[in-house]
1. Name the residue, out of Glu54, Glu41, Glu49, that is charged (D, E, K, R) and surrounded by 14 or more Cβ atoms within 10 Å (Cβ to Cβ).
2. Quick one: in region 3-20, which of the residues that are at pLDDT below 95 and touching a helix residue (DSSP H, G or I) at 6+ places or on another chain (Cβ under 8 Å) is surrounded by the most Cβ atoms within 10 Å (Cβ to Cβ)?
3. Please go through region 7-30 and pick out each residue that is part of a helix (DSSP H, G or I) and touching a residue at least 24 places away in the same chain (Cβ under 8 Å).
4. In region 69-95, what count of residues is obtained for those that are surrounded by fewer than 23 Cβ atoms within 10 Å (Cβ to Cβ) and either polar (S, T, N, Q) or not assigned by TED's automatic domain parsing to the domain that holds Pro25 (or both)?
5. Mind listing whichever residues of region 240-263 are in a strand (DSSP E or B), within 31 Å of the chain's Cα centre (by Cα) and buried (at least 16 other Cβ atoms within 10 Å of the Cβ)?
6. Let me confirm something: among Thr320, Thr359, which residue is outside any strand (DSSP E or B) and surrounded by fewer than 16 Cβ atoms within 10 Å (Cβ to Cβ)?
7. Could you list, in sequence order, the residues of region 264-302 that are under 21 Å from the mean Cα position of the chain (by Cα), assigned to a loop (DSSP other than H, G, I, E, B) and surrounded by fewer than 19 Cβ atoms within 10 Å (Cβ to Cβ)?
8. Which of (1) surrounded by fewer than 16 Cβ atoms within 10 Å (Cβ to Cβ); (2) in contact (Cβ under 8 Å) with a residue 40 or more places away in the chain; (3) at negative phi does Lys310 not meet, given it meets every other one?
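The values are calculated or read from the model by the stated rules, or taken from the named source; none is laboratory data. Keep in mind that this is a model prediction, so the values were computed, not measured. Neighbour counts are summed over all protein chains in view; Cβ atoms, including those assigned to glycine, are modelled from backbone coordinates with ideal geometry.
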Amino acid sequence: MAKKLSVNKDRILEEFFRLTAFDAPSYQEAEIAKYLRDKLESLGLQVEEDDTRERLLKEDASRTKTASNLYAYLKGNGDPILFSSHMDTVNPGIGKKAVLHDDGRITSSGNTVLGADDVSGLTAIIEALTVIKEKELSHPDLEILITVAEEPYCSGSRFIDHQKLKAKEGYVLDLTGPVGTAAIAAPSILSLKIGVKGRAAHAGFNPEKGINALSIAADALANIRTGRVYEDLTVNFGTISGGSGRNIVPEEVWIEGEIRCLEHEKALCEADLIKEIFEKAAKKYGGAIQFNLTEHIRSYGISKRKNVVKRFLAAAKEVTTLEQPETITTYGGSDANRLNEHNIDTIVIANAMENSHGTDEYTTIAELARAAELTLRLMTGQQ
């Protein structure tokens, strides 16, 4: 076992509490972004930002409290390595209050999420950089990417300025589970929004003149496999809306769902199949459909033989409480999907957060320290 590096638990705890106190739901990151920029500059990093804020505002003018992605650089010796986390949280995320319990667990006060997703990642990066500075530890060139609006299908990372990144390998700190776990494969995620058009009529006096859009939708859905359709592909329809009254044959309904698959082309094929089934049902009843497909992120898979994985496994072995570090496939998306799409070999590492996206979210002091130590080892090459 290699000797422990000098992460500071008290400082980690203080930083974690400071960061979770910011109200930073997606598209409301301006305040925490300013703090993070000042913090990174105080540690000696050169900090830049892109035009993400302006581009998000063009999409929706109400996003006045959003910010841009941050890029920070620390010059060293050796090929650059990228470390990334995101600054936004899911809701309920306004008025968060972190509570430290006697057993070392940290939770919210119960009415909001804690925000460990992804403040624990930010805390680990900041602590590792702090130790590097105070101990004057050697390291390769380090690139830090902190994104906005990650939670809504990685919306902010659509606008990453890849000219600002030179690294060919990276680690995204954004995974639940024990420290020592890494996701080396993740899916494509496609959203489906399907409008079904029929014809309105009075349900009592002349229903035969109507075309029931809900019946068309039901017919189609009855012929579509959902859940885990294949080992590597899932389909779900989560919402349906429409109709104008109980006594009116519904003229229009909208159905929304998603496809997740580890093979991008396979996901697109499944979308085509779903479209065909809806078209067939619409033709049967004399209606029509409008099929909208949105590609959020593309799948990736990183070989265990890649250096980015081998470096993780060697470093994680020295800090994890697991018998052995673990590599997994996840069906959640992250900014790693976008980085891999731009030829940066990137994996997602567990960073001390559990039950993310719920008011029962928690972390522990011990895991926060392990996440910081792992990040420090990866930044310095000490294993």
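1. Working: Glu54 fails: surrounded by 14 or more Cβ atoms within 10 Å (Cβ to Cβ); Glu41 fails: surrounded by 14 or more Cβ atoms within 10 Å (Cβ to Cβ).
Just one listed residue meets the conditions, Glu49.
2. Applying the first criterion (at pLDDT below 95) to region 3-20 yields 3-6.
Imposing the further condition that a residue be touching a helix residue (DSSP H, G or I) at 6+ places or on another chain (Cβ under 8 Å) reduces the set to 4-6.
Details: Lys4: 10, Leu5: 19, Ser6: 11.
Looking at the filtered set, the residue picked out is Leu5.
3. Our first condition is that a residue be part of a helix (DSSP H, G or I); within region 7-30, this holds for 9-20, 30.
Hits for region 7-30 are Lys9, Arg11, Ile12, Leu13, Glu15, Phe16, Phe17, Leu19, Thr20, Ala30.
4. Residues that pass the stated criteria total 2.
5. Of the residues in region 240-263, the ones in a strand (DSSP E or B) are 240-242, 248, 252-261.
Then drop every residue that is not within 31 Å of the chain's Cα centre (by Cα), which leaves 240-242, 253-261.
Once the filter is applied, which keeps residues that are in a strand (DSSP E or B), within 31 Å of the chain's Cα centre (by Cα) and buried (at least 16 other Cβ atoms within 10 Å of the Cβ), region 240-263 yields Ile240, Gly242, Val253, Trp254, Ile255, Gly257, Glu258, Ile259, Arg260, Cys261.
6. Values: Thr320 fails: surrounded by fewer than 16 Cβ atoms within 10 Å (Cβ to Cβ).
Exactly one of Thr320, Thr359 is outside any strand (DSSP E or B) and surrounded by fewer than 16 Cβ atoms within 10 Å (Cβ to Cβ), namely Thr359.
7. Arg298
8. For Lys310, the exception is condition (2).
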